[in-house]
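Below you'll find the structure, written out as structure tokens, and then a few comments.
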Amino acid sequence: MYSYSDFDEAFVRSRVAQFTNQVERRLDGSLTEDEFRPLRLMNGLYLQLHAYMLRVAIPYGTISPRQMRQLAYIADTWDKGYGHFTTRQNIQFNWPKLPDVPAILSALADVEMHAIQTSGNCVRNVTADHFAGAAADEIADPRPYAELLRQWSTDHPEFQFLPRKFKIAITGSPNDRAVTKAHDIGLRMVRNAAGEPGFEVIVGGGLGRTPMIGMTVRDFLPEADLLPYVEAVLSVYNVLGRRDNKYKARIKITLHETGKEEITRMVEEEFARLRPLFGGNDQKLLADIRAAFAPPAFRNAPVDAYDAFYKADPVFRAWADTNLTQHRNDQYAIVTVSIKAHGATPGDATSEQMRLLADLAEKYGHSDLRISHEQNVILPHVHKSDLPALHAALVKAGLGTANVGLLSDIIACPGMDYCALATARSIPVAQELATHFEALKLEHEIGPLKIKISGCINACGHHHVGHIGILGLDRAGVENYQITLGGDGTEDAVIGEKTGPGFAYTEIVPAIERILRAYLELRTEPSETFLQAYKRVGMEPFKAALYNTEDAQDAA
Amino acid sequence: MSRRFTPKVVTANRLREGDVVYLTADDRWSPLHHEAELIEDEAHAQMRLLHANAQKLLVVGAYLADAKPGAKGPEPTHFREEFRTRGPSNYNHGKQADLAS
Ligand code: HEM
Ligand code: SF4
């Protein structure tokens, strides 16, 4: 994995020193809160409902065992023994105290981590496919490009005061696991007619109060043009983007107000100007970075033990069926460790779990760990012969839940349990959905399903692209939950459709159950997934199930 | 058109710890909602908020939150403020734990 150069190290250390000084000056009164706030946000420090929150970047979701142990150490030393992995491949600590934050940042710098540009109107942590470098369907590992973008965007003088935050996601596979179409810039690797790799460039996607699927502005961008092109997009946005209205400031609005054709023309013009200025140093740098992402030395060993175990042990089989993904090396598998045991808080991992995962990655996973936007932890390279032992170790630690891709593998934002912007809670809704359907023993029968929950219209929980999306609102002083159906965050991205009036806190789990019972009734066969069934029959049968009941009449 | 003033409390987060606190009538910052001063008058509310905002070394983000009289003292009226008196619902963290001990 990429390791800091002297320059990176010096940069991060000097930022820690600066912020340490800024915290001191806040605490002694030399800085007012108005002066301090933008400085703390530049360093990932928010003030939430009950405490401060520190958001730490896990660039492109890749993390080493040593770093994972340091996160555990931070959680134990300065927080409450856990951390929250987010949909943006960050980890959030929910209880740091202001005077301790400099020490935390320093501990992060010790393992080449930081909280820079995890907030504010700048280019945020670049996210990537969590199966990068391992997936069977991959054209190339997207992380070298993500690292190049990270280096280019960090402290970029032109892009520190953008009209609004700017999010870039990148995937190296045609099957989009990075939700690229819901980002300010989405990059999807494709090949041209000559077989060369390049990018489809998607601009103007975003969720929040005006959800939009991005538009393709270039079908094929040669690899070597990546930085000048992205820089051209940002320059155009930096000039046109609306600074007068925060709700119209994202590039998705700029794109719609200016028109795709005009923006594309401006971007291409700027690109033509910028391209010759890139003399090839970026490509040299990319080559160096790429070397840091060389695949591990894969073992060559028999896998019969795995096959035998798979046949013999139903618990292992259930886990293998849901939590394993095909690796590009036949003898290997990609393991998704669910940190969503039924009833647990989606995305939360205790320090003990972090340490165990670090140990297991060293023992069975070529010392590689990933954090997915779906809030799980991935061991991307596990030899199949090690899977039974790995599974046993996970089960022992309560991390063996076989639910990846199923109902209880829910994305939920922190909602009103932590977030100051929330209009309703989301975590307890996720917990109750998981335990309720676990008690009914229905989730395996229901099959692949993505439920995503946000606690306000900012949509941090990606509810718009959930097969079932749940949005928590405040309706006249009570929590109310709006449902959307048919959303999809893959390469076929779609924004879900609202079903109608929302449901009270106590009504939302029964409402979801009515939707799913209707689905079980109307699917043509068990292999027709919820999303496929929805695409076939549309909203009406689900609306009927939701609203044509006595309970619902009372509730509405 | 004069609308009845909804009673308020002044609330904020402590600068160093981030904890939720309430301004009392005798100018302390208390972690307990029911110890807050219940303010029934708009002009007085603004004065108290100014007073709170001046305490830059103690608290951040002071604002007026709706409240109502209760048996032990002021009580929150909105669920958000109710959560702020306790802490998160997924763990026994925050005030519900700190104040219990
Ligand atoms: C203190 C906590 C947080 C605050 C204040 C916050 C704030 C916001 C705001 C204001 C937006 C809307 C941006 C817009 O529409 O222009 C947003 C969007 C988003 N946030 Fe958060 N957020 C928080 C936590 C999180 C967490 C925990 C996650 C990951 C689980 C997350 C991931 C996202 C994502 C994916 C979006 C939507 C994508 C987009 O930008 O359009 N945020 N957030
Ligand atoms: S969706 Fe709203 S409630 Fe949830 S984390 Fe984002 S800003 Fe907070």
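Structure notes:
- Gained length - A:Ala292 relative to A:Met539, 0.36 nm times residue gap less alpha-carbon distance: 84.1 nm
- Shape of the stretch A:254-329, Cα gyration tensor, a/c cut at 1.5: oblate
- Rounded to the nearest 20 debye, dipole of the stretch A:391-444 from Cβ charges on Lys, Arg, Asp, Glu: 100 debye
- Base-10 log of normalised Debye intensity for the stretch B:8-92 (one unit scatterer per alpha-carbon) at q = 0.22 Å⁻¹: -1.04
- Solvent-accessible area per residue, Å², over chain B with all protein chains present [probe radius 1.4 Å]: 53 Å²
- Within-14-Å neighbourhood charge of A:Ala393 [Cβ basis; K, R +1; D, E -1]: -1
- Sparse-neighbour loop sites [GluC sites (Glu not before Pro); the stretch B:8-99; at most 14 other C-beta within 10 Å; DSSP]: B:Glu40
- Taking a straight line from the alpha carbon of A:Lys396, these lysines sit under 30 Å away, with near neighbours fewer than eight places off in the same chain left out: A:Lys80, A:Lys311, A:Lys340, A:Lys363, A:Lys384, A:Lys441, A:Lys450, A:Lys452.
- Computed from the C-beta positions of B:Leu58 and B:Thr6 and an R0 of 30 Å, the FRET efficiency is 0.70 to the nearest 0.05.
- Chain B - percent of accessible surface contributed by carbon and sulfur, probe 1.4 Å: 52 percent
- Rounded to 10°, Cα long-axis angle of helix B:42-53 versus longest principal axis of chain B: 40 degrees
- Interface area, B with A, accessible, probe 1.4 Å, both sides summed, Å² nearest 100: 2400 Å²
- Rg/Rg_ref, the protein assembly as shown, where Rg_ref = 2.2 N^0.38 Å and atoms are Cα: 0.97
- Two numbers describe the Cα atoms of the stretch A:154-300: Rg and Dmax, which are 16.3, 60 Å.
- Among the protein heavy atoms of the stretch A:142-292, carbon and sulfur supply 52% of the accessible surface, probe 1.4 Å, non-protein parts ignored.
- Residue-normalised accessible area of the stretch A:1-102, given per residue in Å² at a 1.4 Å probe: 36 Å²
- Heavy-atom accessible area per residue - the stretch A:142-292, 1.4 Å, Å²: 40 Å²
- Of all accessible heavy-atom area on the stretch A:411-554, the percent that carbon and sulfur account for (1.4 Å): 53 percent
- Potential lengthening of the chain between A:Thr435 and A:Asp304 amounts to 43.6 nm, from the contour at 0.36 nm per residue minus the alpha-carbon distance.
- Average beta carbon contacts from partner chains per residue of B:79-87, 10 Å cutoff: 4
- A Förster radius of 25 Å combined with the Cβ-Cβ distance from A:Leu27 to B:Ser30 puts the calculated FRET efficiency at roughly 0.70.
- Rounded to 5, percent antiparallel among DSSP beta bridges of the protein assembly as shown: 85 percent
- Interface residues of the stretch A:1-48, defined as those losing at least 30 Å² of solvent-accessible heavy-atom surface relative to the isolated chain (probe radius 1.4 Å), are listed as A:Arg26, A:Leu27, A:Leu47.
- Over the stretch B:8-92, Cα pairs under 8 Å with separation of 6+ residues give a relative contact order of 33 percent.
- For the stretch A:153-180, the residues whose amide N sits under 17 Å from a probe point set 7 Å from the Cα of A:Thr210 along the beta carbon direction are A:163-167.
- Threshold 40 Å², the stretch B:34-65 residues less accessible with all protein chains present than alone (1.4 Å probe): B:Lys56, B:Leu57, B:Val60
- For the stretch A:410-434, a reduction of at least 30 Å² in accessible area between the chain on its own and the assembled protein chains (probe 1.4 Å) is found at A:Met416, A:Asp417, A:Tyr418, A:Arg425.
- Taking every residue in B:90-97 and counting other chain Cβ atoms within 10 Å of its Cβ, the average works out to 5.
- Counted by Cβ distance under 14 Å from A:Val123, the other residues give a net charge of +2, where Lys and Arg count +1 and Asp and Glu count -1.
- Listed by number, the DSSP H helices of chain A that run 18 Å or longer by alpha-carbon position along their axis and have mean Kyte hydropathy of at least 0.5 are A:226-240, A:427-440, A:508-522.
- Placing +1 on the Cβ of every Lys and Arg and -1 on the Cβ of every Asp and Glu, with nothing else charged, gives chain A a dipole about its Cα centre of roughly 660 debye.
- Between A:Ser106 and A:Ser527, the modelled label-to-label distance comes to 6.0 nm, taking each label 7 Å out from Cα in the direction of the beta carbon.
- Among A:Leu390, A:Ala349, A:Tyr332 the positive-end extreme of the charge dipole of the stretch A:309-443 (Cβ point charges): A:Tyr332
- Net charge dipole size for the stretch A:142-292 [Lys, Arg +1 and Asp, Glu -1 on Cβ; Debye, nearest 20]: 700 debye
- Dipole of the stretch A:142-292 [Lys/Arg +1, Asp/Glu -1 at C-beta], most positive-end residue of A:Ala194, A:Val239, A:Phe278: A:Val239
- With DNA, RNA and ligands ignored, accessible area of A:Asp321 (1.4 Å probe; Å², nearest 10): 100 Å²
- Helical content of chain A, expressed as a calculated mean residue ellipticity at 222 nm, amounts to -11500 deg cm²/dmol (DSSP H runs of 4 or more residues, -39,500 (n - 2.57) each, divided by residue number, nearest 500).
The values are calculated or read from the model by the stated rules, or taken from the named source; none is laboratory data. From a predicted model like this one, the values you see are computed outputs, not experimental measurements. For neighbour counting, all protein chains shown are included, and Cβ atoms are generated from backbone atoms with ideal geometry for every residue, glycine included. Note: accessible area is taken over every heavy atom of the protein model, side chains too, but ligands, DNA and RNA are not part of it. Shrake-Rupley method; radii C 1.70, N 1.55, O 1.52, S 1.80 Å.
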